[in-house]
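Visitor: Before I ask anything, here is the structure I am working with.
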Amino acid sequence: MKPVLAEAFGRSERMVGRRIAGEYILVPLVGRGADIDSIFNLNRVGAFVWEQLDGRINGSAIVDGLVERFEVDRETAEADYAGFIEQLRSIGALTAPTSL
Amino acid sequence: MAESKASLAFVRDFLTQGTLPPLPGGAPWEAAEGIAVAARQQGVAGLLHRALDSEGEAARPWPAEVKEALARDRRNALARGVRQLALAARVLDRLHRAGLRALPLKGAALLETLYDSEDHRTMADVDLLVLDDWPQARALLADDGFVECDRADHAAVLRDPDTGAVLELHHSVTSSPGLFPLDRDGLWSRSVPGPGQVPRLPSAEDLLVQLSLHAAFQHGLVLSLAQWLDFRRLFERRSLDPQRLLTASGAARAAAPLAAALEAARVVVEAPVPEWLRAGEARPARLQGRAPLDFVTPAAPDVARIRLALLRGRRLELLHRTLFTETPGEQASFLQRVGRGAARAARLARHWGPETLRGTVASAARGRPACGHVSGTPPLSPADGILPHLFRGFPFLRVTVTGDCMRPALAPGDRVRLVSREQRPPRVGDVVLARHPEGLRLHRLVWGPPLAWFGLRWRTQADRGAIWDPALEPEDVLGTVVEVEGSPGLRAIHGWLTSLRSLLRGLRSWVRLEPVE
C-alpha cells in the first residue's frame, strides 16, 4: 500500500471550505502577496475527499468511498487521491498526517 | 439616474418579498445589468445570485453574462467575508489573551447568526469594540504589525499586515464618544457565544441598540440595503427580550435613535418590528412621508439635523462632546483641549458650510474616513463602473483626500484633480485613483507600466503604508492625480523615488526580512 493511503490527514484551520451555488470553494485565511487573493474550487470528487479529511480516516478508507460512490476503479481512485492530497499539501490545506 | 433608481427599487423589492421579482420588460439585458450593479453597491449581490441559482423560472430571462458576474461577486464576497471574520476572531483572541475584553460590532457581530453564508452580505471592514484598555489594545496590535492608517474620534483604523484587510478598533460605537454611554460590564455579561469563527457576540438587544445608533446618529438614517436588511433579519432570526432591550437602550441613552432606526427599517425593508417596541415611542416626526429609497445610499443624509433631532434636550452635550472629544489614554491640558476644540469647530464649520454641505454629508453616508478613502463630487462609488463614464463627460474630477496615508504628498482635506487613464496613462510613481475591494483609494502606483512585465498584476501602496494593496487589474486604476488644488506645481505628487521606497518597503514587509517600522 502506498504510504499516503495509510495516513490520515486533517483539514488545516487556515483553510475554510464552503459550498455555494453547486461549487465547493476553499478559502485560505492567511497568505502572502498574491496567495491571499486566491481561492480554490473543488469538483465533486475533491469536495467529497475534503470532507472526509478529519484526521481519523486514512487514505485507504477514503479511496474505498471514492470507488463506491463515483464508480471508478481502485487503481484510478488511488492515483487521483494521492495527486489531490499532494495538491492540498502544496497549498498548506492539510495538517501533518498520522499513520493509522 | 432613473434607471439606477429603478434598479435599486428592484433590489429592495427582492429583499422585502424574499423572491425574485420579474425583470422589467423592454430591455431585460440592460435592466439585469443595472440590477446587478445596484445589488453589488448595496452589499447583497450574493443574495441575488443565490436567488438566481435557486429560482429556475424567474431566473431564466437573466443573461448568462450577468449571472456569471454575480457568481464571481459571490465567490469574492465569500472569500472576503470568511477572511474578515477570521481577522475578527484572531484579534479578539489576541486581546483576550492579554486580558482585554472586546466584542464585534455591526457586520462582524451578525454575519454568522443573521445570514446563512458569508457571501450573502458584504462588509466594508471589520469593527471591534474594545471594552477595557483601548490604548493597550492598540499598542498590542501595533506590536503585531498592524498599521494605523487613520483615526476618528471613536476608533482607530488599522490595516492587517497579513491580509491587508481593514480593522476599525473602536472605543465608542459612534463618534462624539460618551454621548451614548457604554455599559461595558453589562455588554460583556449579556454577550453570547458565537456559532462560527467569531467567539463571542453581543446580545441581540445590544446588537439592535448598536445598529440603531450607527444608522441614526452616525449615518443620518441613510444606509445600504444590506445594512437595513440586518434589522429585518435580527427580528426574524433572533429573539429579543423586552426587559433586556429596555436595559440596553436605557444604559446607552439610545431610545430616540432606536425608535428612529426601527421606523426607517420598517419603511425600507418592512422589518417586522414587534408591537411592544412600536408602541414605546412616538413616530419620529422627521421620517413621516419619506419614501423607502430616501433612506438608502446614495441618498444624501441630513446628518446634522437628524443628530440635533435625536439629541433634543441634550444639544449642549452634543456640541461639547463633538468639539471636545476624549480619547482614552491621551492626556491633554485645558489649553490643549480648548485649542483642539477650536480647530475641530473650524473644520466642522468649513465642512458643513453651505458650499460643501451636500458633498460632506454624502460622503459621511458612505462611511467614515478610512485609510486613503476619498470623497468627491459627483459622489464616487467604488464598484459601479460609473467613474469611467464621468471621466468621459468631464475634463477632470475633483476629490477630497480624507486619509492620512499619503503624507506628505497628500494631506487630509486636500482637493485633488484627477484625469482619466486615457488622458494620462498611469505610470509607476503616479498617485492614482484605484478601485479596491474595500473601496476607492488614492494611492501610489508602485508596480505597473513601464515595469509590469511577465503579466504581473499592478500594485498600489500608500506612501505611509508598510504593505502593498491587493493586486489590481489595469482597468481598476481609474484615473491619475494631476494637481493638488491650491498648490499647482509646488507639491511633488508623482515620484519614482517615493514609489521605489514604497515598493521596497512593501517587499520587505512581504518577505518579512525584518519587522515593519
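Visitor: Does the stretch B:127-134 contain at least one residue that is at pLDDT 95 or above, within 25 Å of B:ARG435 (Cα to Cα) and within 14 Å of chain A (Cβ to nearest Cβ)?
Guide: Scanning the stretch B:127-134, I find no residue that is at pLDDT 95 or above, within 25 Å of B:ARG435 (Cα to Cα) and within 14 Å of chain A (Cβ to nearest Cβ), so the answer is no.
Visitor: For the condition in a loop (DSSP other than H, G, I, E, B) and either closer than 23 Å to B:GLY164 by Cα or at pLDDT 75 or above (or both), what is the one hit in B:GLY465, B:GLY486?
Guide: Only one candidate passes the filter, namely B:GLY465.
Visitor: Quick check on B:VAL173: is it hydrophobic (A, V, I, L, M, F, W, C), modelled with pLDDT under 95 and buried (at least 23 other Cβ atoms within 10 Å of the Cβ)?
Guide: Answer is no for this residue.
Visitor: On to the next question. Answer yes or no: is there a residue in the stretch B:37-44 that is closer than 30 Å to B:LEU141 by Cβ and either out of contact with any strand residue (DSSP E or B) (no Cβ under 8 Å at 6 or more places or on another chain) or not assigned by TED's automatic domain parsing to the domain that holds B:THR297 (or both).
Guide: Looking for residues that are closer than 30 Å to B:LEU141 by Cβ and either out of contact with any strand residue (DSSP E or B) (no Cβ under 8 Å at 6 or more places or on another chain) or not assigned by TED's automatic domain parsing to the domain that holds B:THR297 (or both), one finds at least one in the stretch B:37-44, hence yes.
Visitor: For the stretch B:79-123, which residues satisfy the criterion of being away from every other protein chain (no Cβ under 14 Å), out of contact with any strand residue (DSSP E or B) (no Cβ under 7 Å at 6 or more places or on another chain) and of a type in the set (A, V, I, L, M)?
Guide: Correct list: B:ALA98, B:LEU110, B:LEU114, B:MET123.
Visitor: Can you pull out the residues in the stretch B:316-336 that are surrounded by fewer than 14 Cβ atoms within 10 Å (Cβ to Cβ), among the aliphatic types (A, V, I, L, M) and part of a helix (DSSP H, G or I)?
Guide: Listed by number, the residues that qualify are B:LEU316, B:LEU335.
Visitor: May I pose another question? Test of understanding: among B:VAL173, B:VAL157, which residue is among the β-branched types (Val, Ile, Thr), in a strand (DSSP E or B), more than 14 Å from chain A (Cβ to nearest Cβ) and within 16 Å of the chain's Cα centre (by Cα)?
Guide: Residue meeting the stated conditions: B:VAL157.
Visitor: Looking at A:LEU53, A:LEU42, A:LEU29, can you tell me which residue is closer than 22 Å to A:LEU5 by Cβ and within 14 Å of chain B (Cβ to nearest Cβ)?
Guide: A:LEU42
Visitor: Checking the structure you have, find out if any residue of the stretch B:36-49 is in contact with a Lys or Arg (Cβ under 6 Å, 6 or more places away or on another chain) and part of a helix (DSSP H, G or I).
Guide: yes
Visitor: Among the strands (runs of 3 or more DSSP E) contained in the stretch A:7-76, which hold 1 or more residues that are of a type in the set (Val, Ile, Thr) and free of Cβ contacts under 8 Å to residues at least 60 places away in the same chain?
Guide: In the stretch A:7-76, the matching strands (runs of 3 or more DSSP E) lie at A:15-20, A:23-28.
Visitor: Are any residues in the stretch B:400-451 among the β-branched types (Val, Ile, Thr) and modelled with pLDDT of 80 or more, and if so, which ones?
Guide: B:VAL401, B:VAL416, B:VAL419, B:VAL428, B:VAL431, B:VAL432, B:VAL446
Visitor: Looking only at the stretch B:104-138, count how many residues are outside any helix (DSSP H, G or I), under 16 Å from B:VAL157 (Cα atoms) and of a type in the set (A, V, I, L, M).
Guide: Adding up the residues that qualify gives 7.
Visitor: From B:GLY186, B:GLY250, which residue is surrounded by fewer than 18 Cβ atoms within 10 Å (Cβ to Cβ), free of Cβ contacts under 8 Å to residues at least 40 places away in the same chain and within 28 Å of B:GLY329 (Cα to Cα)?
Guide: The unique qualifying residue is B:GLY250.
Visitor: Turning to a different aspect of this structure: Any residue in the stretch B:79-98 that is assigned by TED's automatic domain parsing to the domain that holds B:GLN197, touching a residue at least 40 places away in the same chain (Cβ under 8 Å) and buried (at least 24 other Cβ atoms within 10 Å of the Cβ)?
Guide: No, because not a single residue in the stretch B:79-98 is assigned by TED's automatic domain parsing to the domain that holds B:GLN197, touching a residue at least 40 places away in the same chain (Cβ under 8 Å) and buried (at least 24 other Cβ atoms within 10 Å of the Cβ).
Visitor: From the list B:ALA77, B:ALA32, B:ALA71, pick out the single residue that is at pLDDT below 95, in contact with a Gly (Cβ under 6 Å, 6 or more places away or on another chain) and either assigned to a helix (DSSP H, G or I) or not polar (S, T, N, Q) (or both).
Guide: Checking each option against the conditions leaves just B:ALA77.
Visitor: Considering only the stretch A:7-48, how many residues are at pLDDT 90 or above and of a type in the set (Gly, Ala, Ser)?
Guide: Adding up the residues that qualify gives 6.
The values are calculated or read from the model by the stated rules, or taken from the named source; none is laboratory data. Note that the structure is a prediction, hence the values are computed from the model and not measured. Glycine also receives a Cβ, built like all others from the backbone with ideal geometry; neighbour counts cover every protein chain displayed.
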